[in-house]
Amino acid sequence: MCLAVPGKVIQVDGKAGKVDFLGVQRQVQLDLVPEAVAGDWVLVHAGFAIHRIDEEEARETLALLRKLEAETEGGG
Amino acid sequence: MGAPVDVRAKAEELYARIEGLVRGPVSLMEVCGTHTMAISRFGIRARVPANLRLLSGPGCPVCVTPASQIDHLIAMGREPEVVITTFGDMLRVPGSRSTLQRERARGRDVRVVYSPFDALDFARKEPNKLVVFMGVGFETTSPTIAATIVRAREDGVGNFCVYPAFKVVPPAMDALVASEEARIDGFICPGHVTTIIGSRAYEPLARDRHVPCVVTGFEALDVLEGIAMLLEQLASGRAEVEIQYRRATCREGNPIAQEMLERVFRRCDAWWRGIGLIPGTGLEPSEEFSVFDARERIDVEEPDKAQDLPIGCGCGEVMKGVKLPPDCPVFGKGCTPSRPLGPCMVSTEGACAAWYLYGGGR
Ligand code: SF4
């Protein structure tokens with residue numbers, strides 16, 4: 001249940017931001033990472049960004065997550 | 001993409017390192033459902049020496065939510081104009097008589113959300129309803145709910161509240177060690193809980209209880225490296241807090257999230273399903289935010305805690321690290337993911353479900 005997924009901030013609009021998860025865009029709340037700006041990578045959990053991460057690490061994590069998703073059908 | 005690391009070769013290297021470090025019986029415990037799944041899915045137990053036991057602690061927030069709290073929430077959901085909102089994981093978890101899923105099938109208004117913020121949106125759009133969000137989760141999740149409560153107050157959304165069933169991880173780890181019921185030589189510490197609280201939260205555990213702690217990520221290589229780091233500490237007689245999962249955690253954690261938790265919640269005692277009461281491991285809205293506490297808003301009493309686990313279910317022993325899932329007499333027979341008896345088999349991150357789905361290895 002504590003899984004957090006990396007995505008790239010596309011646009012910031014007040015306390016919310018548009019975040020791209022490998023092509024799928026979602027609205028994410030930035031209350032816990034207010035310093036995030038467009039272009040940053042963040043870890044997202046339950047619709048909130050919880051941490052800023054390095055781009056390369058984000059991409060690696062995403063590649064692994066995609067593999068994981070292909071093996072299982074998601075979960076918490 | 002990053003340079004393609006030769007995952008298999010690195011894994012073999014780590015297995016060899018682990019092999020060389022296990023000299024006698026060792027028990028390491030993880031306390032995160034994502035680690036529970038990772039260890040089973042990657043088949044790590046089958047590849048490490050037999051006397052290295054990998055235990056799954058109470059790492060699934062859904063599994064440790066007491067039946068009485070689910071009963072309480074269900075009772076609230078039967079009141080007029082109340083909407084229950086919850087993460088999907090919670091739907092099938094049994095209370096003592098019903099589940100949220102069954103309530104929904106009977107026509108109660110139970111809605112699954114991906115974020116607590118979605119629940120707040122329902123409240124905005126349906127001002128004549130009282131929207132209750134089921135507040136389960138560890139420190140990864142509780143700040144998102146704290147932030148939602150702050151937002152509700154800022155925006156003057158008065159018909160939103162939270163049923164507090166949160167759990168705080170480090171003091172529970174301490175209680176498990178202190179109880180001496182199971183042998184725990186080291187902790188594989190949860191990655192994303194630590195993103196919030198920082199690795200310093202485990203320092204008292206390492207110092208006062210002399211148990212090594214390594215904050216670990218969720219890929220196979222992360223987990224193997226975390227295990228190797230713990231074994232190295234044990235071999236050299238150290239008990240420190242180390243970070244394997246550098247890319248998402250640090251010693252300090254997320255100070256804004258910590259402040260948010262401090263402001264919106266206060267510590268309370270919490271009942272862990274199958275384990276019992278652990279003082280100071282729960283969170284509930286602080287006085288300042290008590291109007292967002294569902295228990296203040298809906299006047300139905302919390303039932304007592306007698307019926308916490310079905311008869312014959314060993315989930316408590318499993319989560320305390322006393323037993324492994326296959327030690328439970330009904331594992332895989334009377335209890336399977338399609339017909340679960342205990343909470344650890346319901347949630348995909350439960351120790352028993354992970355073991356059943358992917359095989360424990362040994
Ligand atoms: S196998 Fe089922 S009954 Fe036994 S401990 Fe696991 S969840 Fe509980």
For B:G95: the one exception among (1) part of a loop (DSSP other than H, G, I, E, B); (2) touching a helix residue (DSSP H, G or I) at 6+ places or on another chain (Cβ under 7 Å); (3) in contact (Cβ under 8 Å) with a residue 40 or more places away in the chain
(3)
Is at least one residue of the range B:131-150 more than 12 Å from chain A (Cβ to nearest Cβ) and assigned to a loop (DSSP other than H, G, I, E, B)?
no
All positions within the range A:16-25 that are within 23 Å of B:R151 (Cα to Cα) and either within 8 Å of the chain's Cα centre (by Cα) or surrounded by 15 or more Cβ atoms within 10 Å (Cβ to Cβ) (or both)
A:A16, A:G17, A:K18, A:V19
Counting only residues that are in a loop (DSSP other than H, G, I, E, B) and either modelled with pLDDT under 95 or at the interface with another protein chain (Cβ under 9 Å from one of its Cβ atoms) (or both), the range A:21-34 contains a total of 6
Return the only residue of B:L234, B:L230 being in contact with a strand residue (DSSP E or B) (Cβ under 8 Å, 6 or more places away or on another chain) and crowded, with 24+ Cβ neighbours inside 10 Å.
B:L230
Could you list all residues from the range B:213-247 that are within 13 Å of chain A (Cβ to nearest Cβ), out of contact with any Ser or Thr (no Cβ under 6 Å at 6 or more places or on another chain) and free of Cβ contacts under 8 Å to residues at least 60 places away in the same chain?
B:G217, B:R246, B:R247
Would you please list the contacts, defined by Cβ atoms under 9 Å and residues six or more apart or on different chains, that run from a residue in the range B:55-66 that is within 12 Å of B:D89 (Cβ to Cβ) to a residue that is of a type in the set (F, W, Y) and part of a loop (DSSP other than H, G, I, E, B)?
B:P61/B:F138; B:V62/B:F87
With the requirement that a residue be farther than 21 Å from B:L234 by Cβ, under 18 Å from the mean Cα position of the chain (by Cα) and polar (S, T, N, Q), what does the range B:153-202 give you?
B:T195
Within the range B:219-246, count every residue that is more than 16 Å from A:E60 (Cβ to Cβ) and either of a type in the set (D, E) or not in a helix (DSSP H, G or I) (or both).
9
Taking first residues from the range B:260-278 that are within 14 Å of chain A (Cβ to nearest Cβ) and second residues anywhere that are assigned to a loop (DSSP other than H, G, I, E, B) and surrounded by 23 or more Cβ atoms within 10 Å (Cβ to Cβ), the pairs with Cβ under 8 Å that are 6 or more apart or on different chains are B:M260/A:L32; B:L261/B:E139
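The values are calculated or read from the model by the stated rules, or taken from the named source; none is laboratory data. Computed from a predicted model, the values in this text were never measured in an experiment. Counting neighbours? That spans all protein chains shown, and the Cβs are built from the backbone with ideal geometry, glycine included.
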